[in-house]
Amino acid sequence: MLSGFRSGYSCETALLKVTDDILSAVDSHKFTVLILLDFSKAFDTLNHDLFVSMLYSIGFAEHSIRLVSNYLNDRSQVVAVDGNCSDTAYLQCGVPQGSILGPIFFSIYTANIIKKLKFCKYHLYADDTQLYYSFDKSDIAKANKEMNEDLNNFISYAAQ
């Protein structure tokens with residue numbers, strides 16, 4: 001479930017969902033492992049080429065994709081301090097900070113990550129992710145294997 005950047009959802013929604021799932025597992029005499037992940041510099045890491053490919057794969061119209069591509073490509077930045085400016089840096093990834101489209105693009109970009117998870121339950125809130133897995137005490141080896149597989153898949157996807 002994705003809560004961040006959606007009307008009617010909040011960090012409380014995320015907390016309630018994850019807490020409810022964990023308490024249900026406790027009621028069933030299961031253990032739960034919770035892994036908390038944060039995309040550092042989330043909006044700076046969005047891979048433009050991968051994002052455009054995603055838009056194609058989910059059926060965006062060609063003219064819409066061209067518009068998004070033009071919006072993201074050929075961006076640059078300069079840092080000014082006390083009247084001194086840095087060299088121009090050309091941006092190959094990321095979305096403009098504070099833009100209206102940034103959170104929408106990031107939500108689309110991260111929505112595919114859940115397809116990489118086979119075993120863990122999850123909750124995404126903005127750039128924070130909770131992966132959790134409930135298991136019987138007798139299944140600890142299986143739980144460890146499956147959680148690590150999902151975590152490795154998540155990390156591989158996020159590193160693209």
_Residue selected from the stretch 41-91 under the condition in contact with a Cys (Cβ under 8 Å, 6 or more places away or on another chain) and among the polar types (S, T, N, Q), by the criterion farthest from N112 (Cα to Cα)_ = T45
*Can you name every residue in the stretch 49-71 that is closer than 19 Å to Q92 by Cα and aromatic (F, W, Y)?*
F51, Y71
*asked:* Looking only at residues that are surrounded by fewer than 16 Cβ atoms within 10 Å (Cβ to Cβ) and within 8 Å of the chain's Cα centre (by Cα) in the stretch 101-117, which one is nearest to L151 (Cα to Cα)?
replied: A111
*Can you tell me how many residues in the stretch 118-146 are surrounded by 18 or more Cβ atoms within 10 Å (Cβ to Cβ), out of contact with any Asp or Glu (no Cβ under 9 Å at 6 or more places or on another chain) and within 11 Å of V33 (Cα to Cα)?*
1
*Only one of (1) touching a strand residue (DSSP E or B) at 6+ places or on another chain (Cβ under 6 Å); (2) at pLDDT below 90 is not met by A158, so which one is it?*
(1)
*asked:* Condition first: in contact with a Lys or Arg (Cβ under 7 Å, 6 or more places away or on another chain), in contact (Cβ under 8 Å) with a residue 60 or more places away in the chain and not acidic (D, E). Now tell me which residues in the stretch 134-160 satisfy that.
replied: S134, F135, F154
*Can you find a residue in the stretch 147-154 that is surrounded by 13 or more Cβ atoms within 10 Å (Cβ to Cβ), assigned to a loop (DSSP other than H, G, I, E, B), of a type outside the set (S, T, N, Q) and assigned by TED's automatic domain parsing to the domain that holds L16?*
no
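The values are calculated or read from the model by the stated rules, or taken from the named source; none is laboratory data. Here the structure is a predicted model, which means the values were calculated and not measured. Note that each Cβ is placed from the backbone with ideal geometry, even for glycine, and that neighbours are counted across all protein chains shown.
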